[in-house]
Amino acid sequence: MSDSHASHEPDVSEDNPISEHWVWAGHHRPAIPRVLVDHMTSAWAPDAPDTSVHPASADFATRRYRIAQAFPGKTLVIPSGPLKVRANDTDYRFRAGTDFVYLTGCQDPDAVLVIAPGAEGPRSTLYVAPRRDHRTHEFFTDARYGELWVGARRGVEESARYFDVECAPLEYVAKDLESLAATTTLVLRGLDGTVDRLVPAHDDEARLSEELSEMRLVKDAREITHLEEAIASTVRGFEDVVRALPLATQFGERVVEGVFNLRARVEGNDVGYNTIAASGSHATVLHWTTNDGDVRHGDLLLLDAGVEHAELYTADVTRTLPVSGTFSPAQRRIYELVLAAQDAAMEVVRPGVDFLDPHRAAMAVLAAGLIDLGILEGPVEDVLRPDRQLHRRYTLHGVSHMLGLDVHDCAQARNEHYHGPLQEGYVLTVEPGLYFQLHDLTVPEEYRGIGVRIEDDVLVTADGYRNLSEGLPRRADDVEAWMAGLWSGPSGTLSWR
Ligand SMILES: [Mn+2]
């Protein structure tokens, strides 16, 4: 057989990906001639040098030190998580695990942070996938990671410089964890199945996620700035939606979602959670994210949406808006009751009060209001009795949750911390609502199908609170005036009219 004939018969496989004449390109894909791969991976100008360092790299180092101090002598493994398949060979947009981001700033998929005890203090290693740049055949042959296909991401050297942390190729993580087997190794589980299988589960492991959640309860100045920026973008997104309401009355809730999400992509990483664009009686469905209904003149639109900042801190804001620009008397009655509950809840926010005190304040107002509306029978103390709580048919949910990198932030914190006294630097939502289902016979007919929630993001300060989302009006008159102003004013920076 001549050489030229041999090169027509690919002799490569998954186990033997490169031969003299061929490069394996994966199942169902024809092998690629080696001479083409050599051509594709030669004669490229070198990358422009980048010497930048993440502005918060020192904060990440401090956080790694603090979490290591909480687990002396232990090795901690915190993965970012893999890409998730949406269908067949397409993935969802990647969003790195929250604790991993909190400790590294890195947003790569598949990466793993290992913090190991050492003689001179804890030692962090960030394992990241190496570059698949023009120096590697994957540049051209790997459609999932090759830089010609998906663009460049930081590799080992680039990540070490940018995040100011020791880095190693991802392929080394299994072997390196094996060498640390003598120490107790705690894995933040549930993020990366491959990493989970590398290390046997440990009894004490839940403490790792609890401790990380509890560390994240108090926000530092940089985190508060990121939240303020996410909220400012969210305010602009709500303004965009108001401007687009005429279009929404034509094409429905999809317009509301699409217009808000446009702002989220333009100014942030994405939305922090699926936008709830709930018009009419959809507003009574707490997590209405289908967003395929009509938006009708005369109905209310409940929009619960938040822009996620590029550094992944998210806003979480709700406004309930009259589609026509004017509340009907019945809508206004319900709206003002919810607003009074929100005012009462916000009023009690300050360091030292119980996490549930704002909730209790709001529920007292709502229960009294439900009695006034003839929906519940008084006295209010009877309604609120722990062994009755009949108001919950209409209030449905708690008034607050923590807010930060996750929309329901710090969720793994132990109950005595999450539900303990508020501290300066906590950021939480205050979001009472009333939901009158369309077919609820206990509700006067004029209120059926009305759902109202008003949600703001508040920072606990030394002597009270600061409403970070006060850029959006809350009072009914102010909401109407704000909508009218947007409709008569310039069409906005993202308008295509
Ligand atoms: Mn919320």
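Those residues that are crowded, with 24+ Cβ neighbours inside 10 Å, among the hydrophobic types (A, V, I, L, M, F, W, C) and within 16 Å of the ligand (Cβ to nearest atom), I need them from the stretch 350-363; list them, please.
The one that is crowded, with 24+ Cβ neighbours inside 10 Å, among the hydrophobic types (A, V, I, L, M, F, W, C) and within 16 Å of the ligand (Cβ to nearest atom): A362.
Checking I450 against (1) touching a strand residue (DSSP E or B) at 6+ places or on another chain (Cβ under 6 Å); (2) crowded, with 23+ Cβ neighbours inside 10 Å: exactly one of these is not met. Which one?
Condition not satisfied by I450: (1).
Taking the criterion of being in the same structural domain as L191 (by TED's automatic domain parsing), out of contact with any Asp or Glu (no Cβ under 7 Å at 6 or more places or on another chain), exposed (fewer than 12 other Cβ atoms within 10 Å of the Cβ) and touching a residue at least 40 places away in the same chain (Cβ under 8 Å), would at least one residue in the stretch 61-68 satisfy it?
Scanning the stretch 61-68 turns up no residue that is in the same structural domain as L191 (by TED's automatic domain parsing), out of contact with any Asp or Glu (no Cβ under 7 Å at 6 or more places or on another chain), exposed (fewer than 12 other Cβ atoms within 10 Å of the Cβ) and touching a residue at least 40 places away in the same chain (Cβ under 8 Å).
Listed here are the residues, each with its yes/no results for (1) at pLDDT 95 or above; (2) in contact with a Phe, Trp or Tyr (Cβ under 7 Å, 6 or more places away or on another chain).
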position: A45; (1), (2): no, no
position: A48; (1), (2): no, no
position: T51; (1), (2): no, no
position: H54; (1), (2): yes, yes
position: Q69; (1), (2): yes, no
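For the stretch 318-335, state whether one or more residues are touching a Ser or Thr at 6+ places or on another chain (Cβ under 9 Å), outside the structural domain of F94 (by TED's automatic domain parsing) and within 15 Å of the ligand (Cβ to nearest atom).
Yes, there is a match, as at least one residue in the stretch 318-335 is touching a Ser or Thr at 6+ places or on another chain (Cβ under 9 Å), outside the structural domain of F94 (by TED's automatic domain parsing) and within 15 Å of the ligand (Cβ to nearest atom).
Select from the stretch 198-242 the residues that are at pLDDT below 95 and in a helix (DSSP H, G or I) and write down the one among them that is surrounded by the fewest Cβ atoms within 10 Å (Cβ to Cβ). Walk me through how you get there before you give the answer.
Start the filter on the stretch 198-242 by keeping residues that are at pLDDT below 95, which leaves 198-206.
After this cut, where a residue has to be in a helix (DSSP H, G or I) as well, the list is 198, 203-206.
Working: L198: 18, D203: 8, D204: 10, E205: 17, A206: 13.
Filtering the stretch 198-242 for residues that are at pLDDT below 95 and in a helix (DSSP H, G or I), the one surrounded by the fewest Cβ atoms within 10 Å (Cβ to Cβ) comes out as D203.
It is to be established whether one or more residues within the stretch 387-401 are buried (at least 16 other Cβ atoms within 10 Å of the Cβ), within 16 Å of the ligand (Cβ to nearest atom), outside any loop (DSSP other than H, G, I, E, B) and touching a residue at least 60 places away in the same chain (Cβ under 8 Å).
Among the residues of the stretch 387-401, not one is buried (at least 16 other Cβ atoms within 10 Å of the Cβ), within 16 Å of the ligand (Cβ to nearest atom), outside any loop (DSSP other than H, G, I, E, B) and touching a residue at least 60 places away in the same chain (Cβ under 8 Å), which makes the answer no.
Residues that are closer than 22 Å to D240 by Cβ, touching a residue at least 12 places away in the same chain (Cβ under 8 Å) and not small (G, A, S): list the strands (runs of 3 or more DSSP E) wholly contained in the stretch 404-497 that include at least 2 such residues. I'd like the intermediate steps shown before the answer.
Working: elements: 427-430, 433-435, 451-453, 456-461, 464-467.
Strands (runs of 3 or more DSSP E) meeting the threshold: 451-453, 456-461.
Based on what the data block shows, is A345 closer than 19 Å to G451 by Cβ and without any contact (Cβ under 8 Å) to a residue 40 or more places away in the chain? Steps first, please.
Details: closer than 19 Å to G451 by Cβ: yes; without any contact (Cβ under 8 Å) to a residue 40 or more places away in the chain: no.
Answer is no for this residue.
Every residue, every condition in (1) within 21 Å of the chain's Cα centre (by Cα); (2) closer than 26 Å to F260 by Cα; (3) not assigned by TED's automatic domain parsing to the domain that holds W288, yes or no:
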position	(1), (2), (3)
D409	yes, yes, no
P421	no, no, no
L438	no, no, no
D456	yes, yes, no
A462	no, no, no
R466	no, yes, no
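Within the stretch 454-465, does at least one residue satisfy the condition of being more than 14 Å from the ligand (Cβ to nearest atom), farther than 15 Å from V317 by Cα and in contact with a strand residue (DSSP E or B) (Cβ under 9 Å, 6 or more places away or on another chain)? Give the derivation first.
Quick first cut of the stretch 454-465, residues more than 14 Å from the ligand (Cβ to nearest atom) only: 459-465.
If we keep only those that are farther than 15 Å from V317 by Cα too, we end up with 460-465.
Those left that are additionally in contact with a strand residue (DSSP E or B) (Cβ under 9 Å, 6 or more places away or on another chain): 460, 465.
Yes: the stretch 454-465 contains one or more residues that are more than 14 Å from the ligand (Cβ to nearest atom), farther than 15 Å from V317 by Cα and in contact with a strand residue (DSSP E or B) (Cβ under 9 Å, 6 or more places away or on another chain).
Which of (1) within 16 Å of the ligand (Cβ to nearest atom); (2) modelled with pLDDT under 95; (3) among the aliphatic types (A, V, I, L, M) is the odd one out, the single condition L494 does not satisfy?
With respect to (1) within 16 Å of the ligand (Cβ to nearest atom); (2) modelled with pLDDT under 95; (3) among the aliphatic types (A, V, I, L, M), L494 is out only on (1).
The values are calculated or read from the model by the stated rules, or taken from the named source; none is laboratory data. Here the structure is a predicted model, which is why all the values come from computation and not from measurement. Glycine also receives a Cβ, built like all others from the backbone with ideal geometry; neighbour counts cover every protein chain displayed.
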